[in-house]
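The values are calculated or read from the model by the stated rules, or taken from the named source; none is laboratory data. Everything numeric in this text was worked out from a predicted model, so none of it was measured. FYI the Cβ positions are ideal-geometry reconstructions off the backbone, even for glycines, and counts take in every protein chain you see.
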């Protein structure tokens, strides 16, 4: 158990942690939505949103990877101010991957050390699908969302979600902006 806490303590004491939490708070201060403050407080208290990696093996596979990625996606979406109302852009960008909270655990090897190559592994206690899980958790924590926000978060993986092909025409009719969300997600994941 002590093995898991050492790197996490280093992360929480880092200047990057402080900077990203402040940036997250600054972005959230622009969201005007009834019940939003309660939602954010619940999310922070009940999840590892500030600490979670964004993946087990790829980009952002370190403490704070999810927070960094979420901020980057939100800032990317905000650049397209004519497509999204600012509150929607922030909600979609900051919380599209909330399904990754409480998902990863340290990949401790037989010798008791955390793997350098793959520091995290998935321990999914609610395997209901990527986008669906984000929607479920956001609603569970009390976030009210518009149809555009729901659709963009649910389907932000587009073709990487096999069910997308069945629903494609309906998705793109209701929220054609989902393609922009997907593009910003990819850019934040692979080009930053």
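Of everything listed in (1) under 21 Å from residue 59 (Cβ atoms); (2) under 16 Å from the mean Cα position of the chain (by Cα); (3) in contact (Cβ under 8 Å) with a residue 24 or more places away in the chain; (4) not in a helix (DSSP H, G or I), the single unmet condition for residue 121 is (2).
Counting just the residues of the range 145-163 that are free of Cβ contacts under 8 Å to residues at least 60 places away in the same chain and surrounded by 23 or more Cβ atoms within 10 Å (Cβ to Cβ), which one comes out nearest to residue 183 (Cα to Cα)? Break it down into steps so the answer makes sense when it comes.
The initial filter retains those residues of the range 145-163 that are free of Cβ contacts under 8 Å to residues at least 60 places away in the same chain, namely 145-147, 150-151, 154-155, 157-163.
Subset that is surrounded by 23 or more Cβ atoms within 10 Å (Cβ to Cβ): 151, 154-155.
Values: 151: 15, 154: 15, 155: 12 Å.
Among them, the one singled out is 155.
Elements of the type helices (runs of 4 or more DSSP H) sitting completely within the range 1-77 and holding at least 3 residues that are in contact (Cβ under 8 Å) with a residue 40 or more places away in the chain and over 22 Å from residue 134 (Cβ atoms): these cover 2-12. Filtering 35, 93, 60, 112 for residues that are modelled with pLDDT of 95 or more and out of contact with any strand residue (DSSP E or B) (no Cβ under 8 Å at 6 or more places or on another chain) leaves a single hit, 93. Among 142, 131, 112, which is the only one that is in contact with a helix residue (DSSP H, G or I) (Cβ under 7 Å, 6 or more places away or on another chain), part of a helix (DSSP H, G or I) and either touching a residue at least 60 places away in the same chain (Cβ under 8 Å) or surrounded by 18 or more Cβ atoms within 10 Å (Cβ to Cβ) (or both)? From the options 142, 131, 112, the qualifying one is 131. The criterion of being under 22 Å from residue 145 (Cα atoms), out of contact with any strand residue (DSSP E or B) (no Cβ under 9 Å at 6 or more places or on another chain) and surrounded by fewer than 17 Cβ atoms within 10 Å (Cβ to Cβ) holds for residue 44. Quick check: anything in the range 43-62 in contact with a helix residue (DSSP H, G or I) (Cβ under 6 Å, 6 or more places away or on another chain) and on the phi > 0 side of the Ramachandran plot? Yes - at least one qualifying residue is present in the range 43-62.
The residue that is nearest to residue 59 (Cα to Cα), among those in the range 165-192 that are more than 14 Å from the chain's Cα centre (by Cα) and buried (at least 19 other Cβ atoms within 10 Å of the Cβ), is 180.
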